[in-house]
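The values are calculated or read from the model by the stated rules, or taken from the named source; none is laboratory data. The structure displayed is predicted, hence computed values, not measured ones. We place every Cβ from the backbone using ideal geometry, glycine too, and count neighbours over all the protein chains shown.
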Amino acid sequence: MRIFNAFLCGLVFGLGLILSGMANPAKVLGFLDLAGHWDPSLGFVMAGAIAVGTIGFRLARARRVSVLGAPMQLPTATRIDFRLVGGSLLFGAGWGLAGFCPGPAIVNAGSGEPRAWIFVAAMLAGMALYTAIEHRRHRPSPSSAMP
């Protein structure tokens, strides 16, 4: 049942990206180009996502378990720190330069778009690099492992 629900959510998400224009890099770049020929239409997509998310989180907070019976685990982080700001800037730079963010890139890769395949490969490489850095950062030092 969980696999089916994940598939259904992914299908709805992918269709939403395509129908809204979020999977079109030119449309996204037009939305992000505030100083040029700004296309505000994707603002409605963002507003819709915020509205659905707000309602969804309110409903989720009223429950102890998810619809599938798993314990409800909602985000609790509220701190604005260097990692959040730095990550946001990197995400925005990548989105603004390529016109892709992770979801739309995967949708476009699925349609055979070569630029999307390159973007997804680079994104996965960046994730692997981050994982390696974090693993190394949290690995106990040899001196602290000695009795």
Review point. Looking only at helices (runs of 4 or more DSSP H) that fall completely inside the range 76-147, which ones have 3 or more residues that are under 20 Å from LEU17 (Cβ atoms)?
Key: 82-98, 102-110, 114-138
Check your understanding: Which residues, taken from the range 29-56, are part of a loop (DSSP other than H, G, I, E, B) and not acidic (Asp, Glu)?
Key -> LEU34, ALA35, GLY36, HIS37, TRP38, PRO40, SER41
Check your understanding: Does TRP117 satisfy the criteria of being touching a Cys at 6+ places or on another chain (Cβ under 6 Å) and either modelled with pLDDT of 95 or more or surrounded by 10 or more Cβ atoms within 10 Å (Cβ to Cβ) (or both)?
Key -> no
Practice item. Determine which single condition ARG83 fails, assuming it passes every other condition in (1) within 24 Å of PHE119 (Cα to Cα); (2) surrounded by 10 or more Cβ atoms within 10 Å (Cβ to Cβ); (3) free of Cβ contacts under 8 Å to residues at least 24 places away in the same chain. Key: (2)
Check your understanding: Out of curiosity, is ILE55 under 18 Å from the mean Cα position of the chain (by Cα) and loosely packed, with under 11 Cβ neighbours inside 10 Å?
Key -> no
